[in-house]
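*Asks:* Below you'll find the structure I mean.
What follows draws every value from the coordinates through simple rules; no lab data is involved. None of the values given here were measured: they were computed from a predicted structure. Counting neighbours? That spans all protein chains shown, and the Cβs are built from the backbone with ideal geometry, glycine included.
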Ligand code: ADP
């Protein structure tokens, strides 16, 4: 499914984000930036050790206590097709989604888009942040993700493509439902 706002296409698709050819892909990291399971593990495995080396430097220089939830940093993409990986930390939801989780998840998407623009990235892919191990309800997370994308596009008419690369058909359906609802509100 696709929807265009200004010059930016929002694209929903199923797939493995490590295969995407956008200029940047986003990693649903944890605050240690030292790798983990799920999409984080897949990105480090396929991208190779240089990504972890850069993450270690970022920890030392900028975030000795770890990357706070909702913030984002950028490294190169190592052996990936993508030139950059943007690492962000979504909230841990444990199944609940109050204003707090919503705001933190919104910030994770919005700050990733900001850092993309700062690095002249025009095409970017996101996974469904916080809906795996961090257990945010998928439909709520999808609405928040798309709302952040739409808000950014309206403010900064810069990006060409924002792809949401969803790992299963079930997650895709929830994102499609959320996008339709947001289109109706625009
Ligand atoms: P979090 O800790 O933020 O919840 P996870 O990696 O556990 O992160 O899960 C986030 C989402 O990423 C889940 O929907 C999961 O199915 C999905 N996912 C896992 N591997 C990949 C991949 N290679 N490409 C795209 N999505 C993936």
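*Asks:* Express as a percent, rounded to the nearest 5, the fraction of DSSP beta bridges in segment 1-151 (both residues included) that run antiparallel.
*Replies:* Roughly 55 percent of the beta bridges in segment 1-151 run antiparallel, per DSSP.
*Asks:* Roughly how many nanometres apart are two label points built 7 Å out from the Cα toward the Cβ at residue 2 and residue 65?
*Replies:* Going by the 7 Å Cα→Cβ label model, 4.5 nm.
*Asks:* Where in segment 144-186 does the label zone of residue 117 land, with the point 7 angstrom along Cα→C-beta and an amide N cut-off under 15 Å?
*Replies:* 148-162
*Asks:* Another question, if that's okay. At residue 45 and residue 135, where each label point lies 7 Å from the Cα along Cα→Cβ, what is the point-to-point distance in nanometres?
*Replies:* Placing both labels 7 Å along Cα→Cβ, they lie 2.4 nm apart.
*Asks:* Also: When the Cα atoms of the chain are enclosed in a convex hull and the volume is divided per residue, what value in Å³ results?
*Replies:* 101 Å³
*Asks:* Under 18 Å from a point placed 7 Å out from the Cα of residue 83 along the Cα-to-Cβ direction: which residues of segment 139-171 have their backbone N that close?
*Replies:* 158-163
*Asks:* Calculate, for residue 31 and residue 184, the FRET efficiency according to 1/(1 + (r/R0)^6) with r their C-beta to C-beta distance and R0 41 Å; round to the nearest 0.05.
*Replies:* It comes to 0.70.
*Asks:* Next question, about the same structure. For segment 37-113, rounded, prolate or oblate, judged on the Cα gyration tensor with a ≥ b ≥ c (square roots of eigenvalues), a/c < 1.5 rounded, else prolate if a/b > b/c?
*Replies:* prolate
*Asks:* Next question. Expressed as a whole number of Å, what is the distance separating the alpha-carbon centroids of segment 109-144 and segment 64-100?
*Replies:* Centre-to-centre (Cα) distance: 8 Å.
*Asks:* While we're here: Mind ordering 162-175, 55-68, 6-19 by average Cβ neighbours within 10 Å, highest first?
*Replies:* In decreasing order of mean packing, 162-175, 55-68, 6-19 become 162-175, 6-19, 55-68.
*Asks:* Quick one: helix 138-155 against the long Cα principal axis of the chain, what's the angle to the nearest 10°, folded into 0 to 90?
*Replies:* Taking the Cα atoms of the chain, the angle to 138-155 is about 90 degrees.
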